[in-house]
Structures are given as structure tokens and as C-alpha cells.
Amino acid sequence: MSKKPLNIALIGYGFMGKAHTNAFLQAPRFFDVRYQPVLKAVVARNADRVQTFADNWGYQSTETDWRAIVDRKDIDLVDIASPNDTHAEIAIAAARAGKMVTCEKPLARTAAEAEGMVAAVEGAGTANMVWYNYRRVPAVVLLKDLIDQGTLGRIFHYRAQFLQDWTIARDLPQGGEGLWRLDVGVAGSGVTGDLLAHCIDTALWLNGSITEVTAMTETFIKERTHNLTGRVEPVGIDDASAFLCRFQNGSLAMFEATRYARGHKALYTLEINGEHASARWDLHDLHRLQWFDHRDEGRLRGWRSIHITDADHPYMKHWWVPGLQIGYEHTFIHQFADFLEGLGHGRETPPTFRDGLATEYVTDAVLKSARTRQWEAVPAAHVKVA
């Protein structure tokens, strides 16, 4: 059966642009989907460098202004992999032009921005998705299945950490290409919107809604030279963020993220404790799920490590023989394959923009709590669709 072409325009050619493009190319090679991605255009401000990217990855054309691809009739899907301050304007314009829209996380800098994006895509009735890729790690998907089946029983605790160490140097500047995450005007926030957003999205998917939070944040280096102005300017982002929260199901949780944990480059871990069983997962060992089941026979009861490589594990039948592992890049391939599968069957693929908005409500509440030093409620979605 011939596949229907899906003409894609990518905005941004950095780290995430590469990860997304690899997913576009690989998904139809390993998964039986009804669409064939076509790399129609890539957009970035530097004409020479975007042409080099296009030549390397196989994009048919380049643009230096994203507005050009929104107006093009030969574009079906706009994929946003540019800095956070561009997400809302591009997504809203693309949706109004009738394009499908996928967007790198976080969905926006604030919940207010994200609400406008949700209203635009839902008002236009166009397919949409946020690239929270850790939902597509086979071990995490297996954990989701076990939770939904009731294997853990009542959930009591959830905890997650995301630790890095790349901004400790005092002479590291802020702003501009490669360092825009340190510029609050571009990023919106620091580790709360960058690292904790991943942790929160996974937690909402696994354990349900968060109702209230109490948080603290810290900016350890108060001033940095700005790459674009050349001046020493205040740092507006949070370097570290930690919060306690309550879930709708009554469970308690602790979350922590920092870029000041010397020795950790990308340590994302989560643990969930239930009435009958507990589970742990570590990004550094992403193909394993640590599992404890109190119902095991007493003399053999203990933590065990499940190697997620068999054909009956999530996604693994599409890859290699049992025992051989997959990596970080495969999570994006899984997510885009799911998106194409959803298109083929007329259903949405989570996390949608509305799911991304749910995370924005939590991150907004975390930042507010850090300012007020009080518990803050997490609001429910109240988007009006045009």
C-alpha cells in the first residue's frame, strides 16, 4: 500500500532539530505507518548554516523567516524546535493557516502563552503534539502499563530528580545562540521550565493531576555578561528548583532539578511507591526498570532489574533481537511513529498541546510558590476554543 506524503517544515536546526529530523527519517522505516514524511523545508536565521543542515539531512529547501513556510501551500506539518520565546507566535500562526503543529518542550514560557496555543490548534481542529519524549522510553511505558493495571496498588509516593552541572562556571555568559536557556526573556524560566517540565509531564502521565505545590528556587550566580549586549546583566532564571506537591489521588511527591550538581550531566531519575510494589527508573540506564514486589515469596523478595529488550516489551518488537539495547534517539522515533499512527486513524497523539498546558500550570505554580513562600493551588485548564 502506498503511503501518503506528509510534507514537513522544521524550524530550528540545533540539538532538537537533529533529534526530530532523525525521527522523521526513521519512523517509517521501522514502523508500519500510513504516512511518508517528506523533508520539505528547514528554517533558521543563518542562511549558510541552514543550507549546510539541509544538505546533510536531505531537506528540499531552506528559509530564513518562519512566516514563509506558514504561508506555503506545500507544507502540511510545522515542527517547532526553536527557542521558547518563538513557540507561541509560530504555533498560533501555523494553526490558523491550517497546518499540523508539533512543538518542542516546554510548550511555552508561561501558561498564559500556552493557553493561546491550545486555543489556536483546537479551534483550527489541527493535529498537535509536544515532544515530551520520555513518555516513549520502553521501560517507562511498561511502568505506565503496570500502574494502569493496578499492579502497584494504591500510590503513596512519587519522587523525581533531574540533575546537571553545565552552568556552574561564573564566567559563563547568558543569552544568544547556545546559551539562550540562561536568558529569562527567551527561556521563560530556568530549570523549572526546562528540566522539571520533563519530570512533571512524566509524573502527570503516570500518576495523574497535581493539585497543589510548595516550592523553593535559587539563582546562585546573580549576574552574567549577556552575549548580545556585551553588558553584565542580572540573571533572571532559576538555577535550582525543588518542590513538594500533592496529587489528586492523594499521593505525595518531591521534585528537584538543578544545573549545579557537579558530576551529573543528565541524571533524570524517578521512583514511585505503591501499596504492593515500587519501581525506579534512571535515564542513565534507560533500558532497565528496577522493580520491587512485596507479594514475592519472602525469601526471594527484593529489588530486581528488568532488562527491557524483549519483543513483548513496549516498542521493542520494532528493533533488534532480545538482549540488544536502544537509546535516547529512539524515544523521538517512537513518538513520531505514534503521531503518524494517530494521523492514520484520525486520533490525537499525547502529549497534545492541552497536555503540555497542564505541565505549564504546574511550573507556573512552582515559580509562584517560590516567590510567595506559600502553598499554591494548580489550576485546572480553562481554555476557550475559538
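Go ahead and run the numbers for FRET between Glu218 and Trp375, Cβ-Cβ distance against an R0 of 22 Å, rounding to 0.05. Intermediate results must be reported in sequence, preceding the final value.
Working: r = 19 Å, r/R0 = 0.87.
Once the sixth-power term is evaluated, E becomes 0.70.
Suppose every K and R has +1 on its Cβ and every D and E has -1 on its Cβ; what is the size of the dipole of region 4-133 about the Cα centre, in Debye to the nearest 20?
Values: 14 positive and 15 negative charges, 58 e Å.
The dipole of region 4-133 has a size of about 280 debye.
When only alpha carbons are used to place a centre, region 42-78 and region 133-171 end up 35 Å from one another.
Protection proxy ranking, highest mean first, for peptides 172-180, 325-333, 88-96: 88-96, 325-333, 172-180, where packing is the per-residue count of other beta-carbon atoms within 10 Å, averaged. For region 140-257, a simple Cβ point-charge model (Lys and Arg +1, Asp and Glu -1, everything else neutral) yields a dipole of about 240 debye relative to the Cα centre. By the count of neighbouring beta-carbon atoms within 10 Å, fewest first, Met100, Met117 end up ordered Met100, Met117.
Against the compact-protein benchmark of 2.2 N^0.38 Å, the Cα-based radius of gyration of region 226-331 scales to 1.52. For the chain, adding -39500 (n - 2.57) for each run of n ≥ 4 DSSP H residues and dividing by the number of residues yields -10000 deg cm²/dmol at 222 nm. Placing R0 at 41 angstrom, the Cβ-Cβ distance between Asn249 and Phe15 gives a FRET efficiency of 0.70 after rounding to 0.05. Modelled spin-label separation between Asp32 and Asp310, with each label point placed 7 Å from Cα along the Cα-to-Cβ direction: 2.3 nm. Considering only C-alpha atoms, what is the centroid distance from region 179-239 to region 335-359, in Å? Computed from Cα coordinates, the inter-centre distance equals 26 Å. Taking the three principal axes of the alpha carbon atoms in region 263-386, the coordinate ranges are 52, 43, 35 Å, sorted in descending order.
Per residue, what volume in Å³ does the convex hull of the Cα atoms of region 4-133 enclose? Please list the in-between numbers first.
Numbers: hull volume 12.9 nm³, N = 130.
Cα convex hull per residue, to the nearest whole number: 99 Å³.
Relative to the Cα centre, what is the charge dipole magnitude of the chain, using +1 at the beta carbon of each Lys and Arg, -1 at the beta carbon of each Asp and Glu, and rounding to the nearest 20 debye? Present the calculation step by step, with values, prior to reporting the outcome.
Working: 42 positive and 47 negative charges, 45 e Å.
That gives a dipole near 220 debye.
By its C-alpha gyration tensor, with a ≥ b ≥ c as the square roots of the eigenvalues, how is region 52-210 shaped: rounded for a/c under 1.5, else prolate for a/b larger than b/c, else oblate? Here region 52-210 falls in the oblate category.
Enclosing the Cα atoms of region 132-283 in their convex hull gives a volume equal to 104 cubic angstrom per residue.
Evaluate the relative contact order of the chain (contact order divided by residue number), counting alpha-carbon pairs under 8 angstrom at least 6 apart; express in whole percent.
Working: 848 pairs, mean separation 78.4, N = 386.
The normalised contact order for the chain reaches 20 percent.
Restricting to bridges with both residues inside the chain, how much of the DSSP beta-bridge set is antiparallel, in percent to the nearest 5? Show your work: numbers first, answer last.
On the way: 41 of 71 bridges.
That works out to approximately 60 percent antiparallel.
Here the gap between Val232 and Tyr328, fully extended at 0.36 nm per residue and compared with their Cα-Cα distance, gives a gain of 30.9 nm.
Which of the helices in the chain, when you take each full DSSP H run, stretch at least 20 Å along the axis at their Cα atoms and have an average Kyte-Doolittle score of -0.5 or higher? Each step should come with its number before you reach the end.
Values: long enough: 15-30 (22 Å, -0.11); 328-345 (27 Å, -0.23); 353-372 (28 Å, -0.19).
Membrane-span-like by this rule: 15-30, 328-345, 353-372.
Sorting 338-347, 159-168, 237-246 by average packing, meaning the other beta carbons within 10 Å per residue, from highest down gives 237-246, 159-168, 338-347.
Sorting 106-114, 284-292 by average packing, meaning the other beta carbons within 10 Å per residue, from highest down gives 106-114, 284-292.
Read-outs throughout are calculated quantities, based only on the coordinates presented, and are distinct from any laboratory measurement. Just so you know, these numbers come straight off a predicted model, no measurement behind them. Here the Cβ is made from the backbone with ideal geometry for all residues, glycine too, and neighbour counts use every protein chain on show.
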